[in-house]
1. Just checking, which of LEU300, LEU308 is within 16 Å of the chain's Cα centre (by Cα), farther than 30 Å from GLU92 by Cβ and of a type outside the set (Asp, Glu)?
2. Looking for something in contact with a strand residue (DSSP E or B) (Cβ under 6 Å, 6 or more places away or on another chain) and in contact (Cβ under 8 Å) with a residue 40 or more places away in the chain - is there at least one such residue anywhere in region 141-154?
3. Taking region 219-272 only, how many residues are part of a strand (DSSP E or B) and not acidic (Asp, Glu)?
4. Looking at ALA288, ALA257 in this structure, which one is at pLDDT 95 or above, crowded, with 18+ Cβ neighbours inside 10 Å and closer than 30 Å to ARG68 by Cβ?
5. Check every one of the helices (runs of 4 or more DSSP H) wholly within region 38-152 and list those with 2 or more residues that are under 20 Å from the mean Cα position of the chain (by Cα) and not assigned by TED's automatic domain parsing to the domain that holds ASP295.
Amino acid sequence: MNERVAVLGAGGHTGRFVVAELRRRGMTPIPCGRATDLDVALRGADAVINCAGPFAATAAPTIESAIRVGIPYLDVTAELEVVTDTFAGCAEASIPIVPAVAFYGGLADLLATAAMGNWPAADHLTIAYALSSWRPTPGTRATGRVSAQRRNGRRIAYTGHRLQFRAGDAPRTEWTFPAPIGTRPVVGEFTMADSATIPTHLDTPEISTYMSSNAVDDLHAPDPSGPVAVDERGRSAQTFLVEVVARSAGVERRAVASGRDIYAVTAPLVVEAAVRILAGARDTTGVASVGARFDAKDFLNSLSPQHLTLG
């Protein structure tokens, strides 16, 4: 395999992980800056991965360029509004489009798909995140500001089969995570991109989301410093666990993934998706989430144990 993959935002924190993972997988990254003439850059590529946030500014023009050139498009956005815009506008696109193939978005989408298995529908899905800490990158902070502006500071929750706005402070409660984490304080209605991707292919009226309170407090802390690398791969010491619980008619099914560094783990997620598309799945055009486009269990297993521990 020597496919060439354009990476928009290759010099950013997540982009550097993606470039390294492409090289590790035997592919050739083509770094693209924000000022790049995209059509010219993409004509030499077999696919494009967009890592350049805020994605409200970069997703649509990059998708349009990928369509003109005729190559698959993937991104790592956590901007829920961008995901909904992409699904709304790209259903009939002539290329494969896979948005939000990242820690926030793709991972929980895959876990929810695996947890539901052969169920045609679930009464309720819960997505619970436990982060040991969260030192957001400047890109995370910038995209968060853009999303907050687009929703006028309101929160979003998925309830009654649709995304709805919420006012006021998010609820705080507790969630019991698998050992060794156990019961922790969490912030409810911490709605991320997975609440936009999951309903496009899984039937559920309610998605509850929780984030460990310490991570939310870190996110809102005034300290502007981002992740600190502690190993040769550039990963931070941050650890995470994501648990998805599907409930139907009183029965529960669970899927769990844990690992290290939410930014670093995005790279194997999106690169694995690119590899699969270039190996044959590119014939399925239009927009679809990673959980809808691929066999979720097989996809997750391909990342274990090197990148994820599954439970």
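The values are calculated or read from the model by the stated rules, or taken from the named source; none is laboratory data. On a predicted model such as this, the values are computed, not experimentally measured, just so you know. With ideal geometry, Cβ positions are generated from the backbone for all residues, glycine too; neighbour counts draw on all protein chains shown.
1. Exactly one of LEU300, LEU308 is within 16 Å of the chain's Cα centre (by Cα), farther than 30 Å from GLU92 by Cβ and of a type outside the set (Asp, Glu), namely LEU308.
2. no
3. Qualifying residue count for the region: 18.
4. Values: ALA257 fails: closer than 30 Å to ARG68 by Cβ.
After ruling out the rest, the residue left standing is ALA288.
5. Answer list for region 38-152: 108-116, 138-150.
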